[in-house]
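**Q** Starting off with a structure, shown below.
The values are calculated or read from the model by the stated rules, or taken from the named source; none is laboratory data. From a predicted model like this one, the values you see are computed outputs, not experimental measurements. Cβ sites come from the backbone with ideal geometry, for glycine too, and all protein chains shown count toward neighbours.
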Amino acid sequence: MNGNLLIAQSGGPTAAINATLSGILRVAAVTRQVKKVYGARNGIEGVLNEQFMDLQPLMKNVNVMKHLSYTPGAALGSCRYKLESGSREDSEKVIEIFRRYGITYFLYIGGNDSMDTVMKLDRYLKENHITDIHIIGAPKTIDNDLAGIDHTPGFGSAAKYIATTFAELERDIMVYDTPAITIVEVMGRNAGWLTAASSLARVNRGKGPDFIYLCEHPFHMESFLNDLGNKLSREKSLLIAVSEGIKNGDGDYISSAISKGTADMFGHSCIAGASKVLEESIRNEIGCKVRSIELNLMQRSAMHVASETDLSESEMLGMKALQLALEGRSGEMASLCRREKSGYEVVYTSVPIENVANSERKVPQIWINGQGNDVGEKLIEYMYPLIQGEINLEYHNGIPHQLILSAESQELVERAP
């Protein structure tokens, strides 16, 4: 079936999301089934507002395509818009817009909430017996919490940044002979994969974090202070990794002590600040020098330490997503799984979107130690292949070359050297 292709990106930016876009465009450039290629500015909101970019010139620009995969962020822009669930107004409008622009294929690159959008649109298609429009999800999230996939694009690069940061922080804090504790808060609302990546700082014989607290395990302040006090009696400087989403035994976020509980459109509460709460407790109960650090946005789009494995797999998943659509499939997400053999190898496949949307894949309890203050070797073995390989970034004026979106022309252009 021939028709036009529409691509959109959604959710938090990553170092790898544009590699997925690049993979889609590379397939679109060589298939006769795709006539025109559009990009929606700012995700599904851009679709509803008909903010479309013509991506044909981009596909023909060798220099732009060369640098697209190595540009972090979200080249098409993003959003956090919740498609209606009780009414059909949004879905009906989206399909009307698709008809007007001759859209046969719609690919949505994103995480949990984006896959919810894919599911709702595909459900509308099926309920209304529409068979000439095909909607496919392409996975993306540094949180690594999508169901139906071994690991998600963006996680490997974020994990590499986190491991590198902890290795460098360890070198920094070890130079002093004064008792001190450094707490590093890592993203992760309900899944602690990113915090667990701090353990990779140990792969080159570094000590890495002394303790790791994931949001999958109940957090007890008394046990935490005992852990630190006992180790501080033997060592001068401690480095601690904590998930932003750690909760107490009652299921309340530790950060709720200072946060106001604001939430986004999907009902996700703002939870940053756990490290500040822990810092204050340490200062009051232990009394040593203490510092808290929030990695915050810095871990999302750190292309300067991106994983080559991550970017390569992300591009392949973009190719797989368009292939699925061209085969006439809809309501699926492009996926990958590890081949059961010695060494690391993945196979590209797909999963029904219903198996992904509104689900969270958390760190298995068996990969967390019994005390809930560290991770096991199995988890390190799982993550290790995902951070392998370095990319050859091109630098201009001392910083990495990147693409930017021109607000005036709504085109992706090269940043002037």
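**Q** Please find, within segment 361-394, the residue that is modelled with the lowest pLDDT out of those that are among the β-branched types (V, I, T) and farther than 23 Å from V184 by Cβ. Spell out the reasoning first.
**A** Quick first cut of segment 361-394, residues among the β-branched types (V, I, T) only: 363, 366, 368, 375, 380, 387, 391.
Filter again for farther than 23 Å from V184 by Cβ, leaving 366, 391.
Values: I366: 97, I391: 94.
It comes out as I391.
**Q** Sort out which residues of segment 307-327 are over 25 Å from I162 (Cα atoms) and of a type in the set (D, E, K, R), and write them in order of number.
**A** If the condition is that a residue be over 25 Å from I162 (Cα atoms) and of a type in the set (D, E, K, R), then K320, E327 are the ones that fit.
**Q** Mind listing just one residue for me: the one in segment 268-314 that is touching a Phe, Trp or Tyr at 6+ places or on another chain (Cβ under 6 Å) and not in a helix (DSSP H, G or I) and, of those, surrounded by the fewest Cβ atoms within 10 Å (Cβ to Cβ)?
**A** Selected residue: A302.
**Q** Go over the candidates Y70, Y81 one by one and state the one that is touching a His at 6+ places or on another chain (Cβ under 9 Å), more than 23 Å from E327 (Cβ to Cβ) and not in a helix (DSSP H, G or I). Break it down stepwise before answering.
**A** On the way: Y81 fails: touching a His at 6+ places or on another chain (Cβ under 9 Å).
The unique qualifying residue is Y70.
**Q** Check whether at least one residue in segment 179-202 is in a loop (DSSP other than H, G, I, E, B), among the β-branched types (V, I, T) and either at pLDDT 95 or above or in the same structural domain as S292 (by TED's automatic domain parsing) (or both), and report yes or no.
**A** Pass one, segment 179-202, residues in a loop (DSSP other than H, G, I, E, B): 179, 187-192.
The next check asks that each one be among the β-branched types (V, I, T); those that pass are none.
Within segment 179-202, not a single residue is in a loop (DSSP other than H, G, I, E, B), among the β-branched types (V, I, T) and either at pLDDT 95 or above or in the same structural domain as S292 (by TED's automatic domain parsing) (or both).
**Q** Tell me, which residue of segment 315-337 that is assigned to a helix (DSSP H, G or I) and among the small types (G, A, S) is surrounded by the most Cβ atoms within 10 Å (Cβ to Cβ)?
**A** From segment 315-337, those assigned to a helix (DSSP H, G or I) are 315-326; that's our starting set.
Adding the requirement that they be among the small types (G, A, S) leaves 318, 321, 325.
Values: G318: 31, A321: 29, A325: 27.
Checking each candidate, the answer is G318.
**Q** Taking the condition at pLDDT below 95 and of a type in the set (S, T, N, Q), does Q9 pass? Before the answer, list the steps.
**A** Working: at pLDDT below 95: no; of a type in the set (S, T, N, Q): yes.
Spelling it out, it is not the case that Q9 is at pLDDT below 95 and of a type in the set (S, T, N, Q).
**Q** Follow-up question, since we're still on this one. Any idea how many residues of segment 197-240 are without any contact (Cβ under 8 Å) to a residue 24 or more places away in the chain and within 25 Å of R171 (Cβ to Cβ)? I'd like the intermediate steps shown before the answer.
**A** Residues of segment 197-240 without any contact (Cβ under 8 Å) to a residue 24 or more places away in the chain: 205, 222, 226, 230-231, 233-234.
Keeping just the survivors that are within 25 Å of R171 (Cβ to Cβ) gives 205, 230-231, 233-234.
The total comes to 5.
**Q** Where residues in segment 139-171 are of a type outside the set (D, E) and either more than 14 Å from the chain's Cα centre (by Cα) or modelled with pLDDT under 95 (or both), which of them is nearest to S314 (Cα to Cα)?
**A** Just the residues of segment 139-171 that are of a type outside the set (D, E), to begin with: 139-142, 144, 146-149, 151-167, 169, 171.
With the extra rule that they be either more than 14 Å from the chain's Cα centre (by Cα) or modelled with pLDDT under 95 (or both), the set shrinks to 148, 163-167, 169, 171.
Numbers: G148: 16, A163: 20, T164: 21, T165: 23, F166: 25, A167: 26, L169: 29, R171: 32 Å.
It comes out as G148.
**Q** Can you tell me which residues in segment 82-103 are surrounded by fewer than 21 Cβ atoms within 10 Å (Cβ to Cβ) and touching a residue at least 60 places away in the same chain (Cβ under 8 Å)?
**A** K82, Y101, G102
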